[in-house]
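What follows is a set of notes on a single structure, which appears directly below.
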Amino acid sequence: MFSGSIPALVTPFRDGAFDEPAFRRLVDWQIENGSSALVPCGTTGEASTLSNAEHHRVIEVCVEQAAGRVPVIAGCGSNDTMNASLHMTFSKKSGASAALLVVPYYNRPSQAGIIAHFSYLAEHHDLPIVLYNVPGRTVTDMKPETVCELANRYPDKIVAIKDAGGILSRVTDHRMGIGKDFCQLCGDDVLWLPHNAAGGVGCISVTANVAPKLCSEFQTAIAANDLAKARELNDRLYPLHYAMFEDASPGPVKYALSRLFPDISPDLRLPLVEISDAAKAAVDAALEHAGLV
């Protein structure tokens, strides 16, 4: 259903509020430079610090500005099943193509609890679901057998996974347990190349915020089995992949965007603060290495 370079978009702030004009320009720039879909209100979009009203407005603006040119996978995750359901209802009404739903964080549900959470959402909504496993943030890891059970139980509802668990063998686990047509998207930019080689079809990427054209060209090369070109582009992007996490994300990527576009502020919301000078130096060097500055 989805493939290619898909940025997990930042949410620009200015003077503490959602900077809607800057976000609209970012959406246009992403589409013009080859991004195949957009993800508002994910981890990189600081969804955890948005009020529900802000959360919904960001999704609404993204869908409106994309204007059907690419799909919008709306971040709808929550550690509260009913709040995730609320986000899904709004996203469907706004015209989003799918919902990105993270494993509930902080609560630490069992695998049975994870199944119950996603089952409720699949049974009460007709918006396609992209599972999102990121145990480094949620603490709870969604095991391959859980992914397979959910995808096989709801084949028309649970259509993809963004896996940021860092275990590449799971691409094959999912292929063997669900089928080769199940959409697997990488959630770790540094693993984008091997994840695709194992059977993935794209990446929901932090780096693509800053380097959409390079990321799109990389995905095109790997999809065409042009490994020489893919490795060449990966080498250009690799320092940037790491630099995006030199400090608490999305601090580095917002700083990087502010280097490219002075009208995009690097502002973050507490408890995140301005990134360190060392992180800025790493981002600056990576941008230069990639040929972006």
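Where a number appears in this text, it was derived from the coordinates with a stated rule and is not lab data. All figures in this text were calculated on a predicted structure; none of them were measured in a lab. With ideal geometry, Cβ positions are generated from the backbone for all residues, glycine too; neighbour counts draw on all protein chains shown.
Here are some notes:
- For K213, the lysines whose Cα comes closer than 22 Å to its Cα, not counting residues fewer than 8 places off in the same chain, are K162, K229, K254.
- Pairwise label distance in nanometres, D277 with H289, each label 7 Å out on the Cα-Cβ vector: 2.2
- In plain terms, the chain from R108 to R137 could stretch by 9.3 nm, reckoned as 0.36 nm per residue minus the Cα-Cα distance.
- Orphan Cys of the chain, criterion: no other Cys C-beta under 4.7 Å: C41, C62, C76, C148, C183, C215
- Put a dot 7 Å past the Cα of H124, heading toward its Cβ, do the same for R259, and the two dots end up 4.4 nm apart.
- In nm, spacing of pseudo-spin labels at K93 and E64 (7 Å Cα→C-beta vector): 1.5
- Relative contact order (%) - criterion: Cα under 8 Å, at least six apart; region: the stretch 4-226: 21
- Structure-derived Cα extents along the principal axes in Å: which label, when the choices are (i) 48, 45, 35; (ii) 52, 42, 36; (iii) 68, 39, 35: (i)
- Computed from phi, the 3J(HN,Hα) profile of the stretch 78-89 under the Karplus parametrisation 6.51, -1.76, 1.60 (θ = phi - 60°) reads 7, 8, 10, 4, 5, 6, 4, 4, 4, 4, 5, 4 Hz, with x in place of Gly and Pro.
- Candidate cross-link partners of K92 among the aspartates and glutamates, defined by an alpha-carbon separation under 12 Å and a same-chain spacing of 8 or more, comprise E60, D126.
- Translational diffusion of the stretch 1-106 was estimated from the Stokes-Einstein equation, with Rh taken as the Kirkwood radius over Cα pairs; at 20 °C and 1.002 mPa s the coefficient is 158 µm²/s.
- The distance separating the Cα centre of the stretch 247-288 from that of the stretch 60-78 comes to 24 Å.
- Comparing the stretch 161-218 with the 2.2 N^0.38 Å rule of thumb, its C-alpha radius of gyration ratio is 1.09 (two decimals).
- Leading residue at positive end of dipole, the chain (Cβ point charges), from L292, V190, M1: M1
- Under 18 Å from a label point set 7 Å out along the Cα-to-Cβ vector of E232, the amide N atoms of the stretch 198-217 belong to 213-217.
- Each residue of the stretch 265-281 was assigned a 3J(HN,Hα) from its phi angle through the Karplus curve 6.51 cos²θ - 1.76 cosθ + 1.60 (θ = phi - 60°); the sequence is 7, x, 4, 10, 9, 4, x, 7, 10, 3, 6, 6, 4, 5, 5, 4, 5 Hz, with glycine and proline shown as x.
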